[in-house]
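Report on one structure; see the data block that follows.
The values are calculated or read from the model by the stated rules, or taken from the named source; none is laboratory data. As the structure is a computational prediction, the values presented were derived from the model and not from experiment. Glycine gets a Cβ as well: all are built from the backbone with ideal geometry, and neighbour counts include every protein chain shown.
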Amino acid sequence: MNHAFIDRYARLKSPIHNLKSSQKLLSAFSMLALLLLGLPLLNFGNALFGILLYGFWLLMIAIISRIPLTFLFSRSALVLPFSALIVIVNFYSGNFEFDQMIVTLFKSFFSVFTLLLLTSTTAFNDILKQLSQWGMPRLLITILAFMYRYFFLLLDEIEALERAVQMRHSSVTGWKRIKVYSNIIGVLLIHSFERAENVYQAMQMRGFSGDLS
Amino acid sequence: MHIPDGFLSTPVTLGTIGVSVTALTYSFKKVNQTIKPEQIPLMGLLASFVFMIQLFSFPIGVGTSVHLTGALLLSILLGPRAGFIIMAVSLLALSLLFQHGGIFSLGANLLNMGLVGCFVGYGFYRLIPGERWSLIIAGVGSGIISAILCALELAASNMLEMSVALKTMMLIYGVTGLIEGTITLLILDFLRKIKPELLDQLS
């Protein structure tokens, strides 16, 4: 059981971590909006200049926040195969100019990087608290909080199930494998229903009537 | 396929967000009127469940792997509106916590996977008689509609030519849809065999 991976750097200490969560959320979303919707504003006449300026700014924030750069780069790089595929297809059909290829590659990379900076400096619960203060519906917040809480338990369960499958059915392929897979999902589903019932009963005893706050 | 941020143009981004937010508000109003308190933890746990099955792709041989979206299963179990809300929650969490699909492209992803999977898929399921075929057709049918939408979004953003985008997306979503239908069918069979009272109590 080693499940702190989701927002594992959110509890570091740094000038960025110390900001209020409203400030971090607002700046992350406005930076993303600038990158995705308003990039020409940064260009000053050269398409590459804008994207490089944005990257430089991101790197400064990353260094100040003391999050390991290898983590940020390797996680952001997961999106590169998608954008690389699009760039390659357009390279062969001759639709993109050089600038456009570079911008396409870096745009998705930098937007993942920006989101990673947000979730690595702000704990998920703090993000939820802020969103509910900004008027996100209670039901959505409550569901999100439950989801985050039980994700780890489900993860343990699926790991145990996968191990059981490897022991018993590792050589099974094709149609049989699909059947095994759907039985696993079925078991997981039944357990989720049962757990939801128990959780509800336990919470009802403590006064829960549909609202966490 | 979860579209990452940076692929869609401004009009496409804003348009898809508009459609998804409208659908979400509508589902929300309806669900809020009828929801019982004991269903709230259930929706949270099912969101976690969908989140999980979207993270674990499973190999089907020949070097390809797919994962379910869970939209069809949820709509059958809880109804399309509650299913759509759960899809929205888990896609938001996938994007924030695992960078699986972007935040600004969440509107497009929710439209392609959630809205089509829940409402169109469920529509096919209810309209076509005979459970076996209706589930397969629901899977493939909503897969094809998702593929067309996804191709249109990418082509309108000048990212891919329409013909290329349509071919690729048809392949991805067609296979996923077929498997989605089949596995949903198998799961429902499994539930009927192991815990039939669960389905009775829902319907």
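In the stretch A:183-213, the qualifying residues are those that are more than 7 Å from every other protein chain (Cβ to nearest Cβ) and closer than 11 Å to B:Leu45 by Cβ, and the one that is surrounded by the fewest Cβ atoms within 10 Å (Cβ to Cβ) is A:Asn198. Checking each residue in the stretch B:2-29 for being surrounded by fewer than 17 Cβ atoms within 10 Å (Cβ to Cβ) and under 18 Å from B:Gly117 (Cβ atoms) picks out B:Val19, B:Val21, B:Thr22, B:Tyr26. The C-beta contact set for the stretch B:79-98 (first residue more than 8 Å from every other protein chain (Cβ to nearest Cβ), second residue modelled with pLDDT under 95 and not in a helix (DSSP H, G or I), distance under 6 angstrom, 6+ apart or interchain) comprises B:Leu94/B:His100. In this structure, does B:Ala71 turn out to be at pLDDT 85 or above, under 25 Å from B:Leu152 (Cα atoms) and more than 8 Å from every other protein chain (Cβ to nearest Cβ)? So B:Ala71 passes the test. Please indicate, with yes or no, whether at least one residue in the stretch A:68-78 is modelled with pLDDT under 90, within 27 Å of B:Thr168 (Cα to Cα), surrounded by 12 or more Cβ atoms within 10 Å (Cβ to Cβ) and over 21 Å from the mean Cα position of the chain (by Cα). Scanning the stretch A:68-78, I find no residue that is modelled with pLDDT under 90, within 27 Å of B:Thr168 (Cα to Cα), surrounded by 12 or more Cβ atoms within 10 Å (Cβ to Cβ) and over 21 Å from the mean Cα position of the chain (by Cα), so the answer is no. Please find, within the stretch A:168-182, the residue that is farthest from B:Gln54 (Cα to Cα) out of those that are touching a helix residue (DSSP H, G or I) at 6+ places or on another chain (Cβ under 7 Å), more than 7 Å from chain B (Cβ to nearest Cβ) and part of a helix (DSSP H, G or I). Within the stretch A:168-182, the match that is farthest from B:Gln54 (Cα to Cα) is A:His169. Within the option set A:Asn90, A:Asn43, being more than 14 Å from chain B (Cβ to nearest Cβ), surrounded by 12 or more Cβ atoms within 10 Å (Cβ to Cβ), closer than 24 Å to B:Ser157 by Cα and out of contact with any strand residue (DSSP E or B) (no Cβ under 9 Å at 6 or more places or on another chain) holds for one residue only, A:Asn43.
For the residues B:Thr168, B:Thr176, B:Thr184, the requirement of being buried (at least 19 other Cβ atoms within 10 Å of the Cβ), of a type in the set (Val, Ile, Thr) and at pLDDT below 90 singles out B:Thr176. If only one of A:Thr114, A:Thr142 is out of contact with any Gly (no Cβ under 8 Å at 6 or more places or on another chain), within 11 Å of another protein chain (Cβ to nearest Cβ), in a helix (DSSP H, G or I) and touching a residue at least 60 places away in the same chain (Cβ under 8 Å), which one is it? It is A:Thr114. Only one entry in A:Val180, A:Val187 is in contact (Cβ under 8 Å) with a residue 24 or more places away in the chain and either farther than 30 Å from A:Phe71 by Cβ or touching a Gly at 6+ places or on another chain (Cβ under 9 Å) (or both), namely A:Val187. Taking the stretch B:103-199 as the region of interest, the helices (runs of 4 or more DSSP H) fully inside it that hold 3 or more residues being closer than 24 Å to A:Val112 by Cβ are B:106-109, B:131-156, B:162-194.
Please verify whether the stretch A:145-163 includes one or more residues that are more than 30 Å from A:Tyr9 (Cβ to Cβ) and either more than 8 Å from chain B (Cβ to nearest Cβ) or in contact with a His (Cβ under 9 Å, 6 or more places away or on another chain) (or both). Within the stretch A:145-163, none of the residues are more than 30 Å from A:Tyr9 (Cβ to Cβ) and either more than 8 Å from chain B (Cβ to nearest Cβ) or in contact with a His (Cβ under 9 Å, 6 or more places away or on another chain) (or both).
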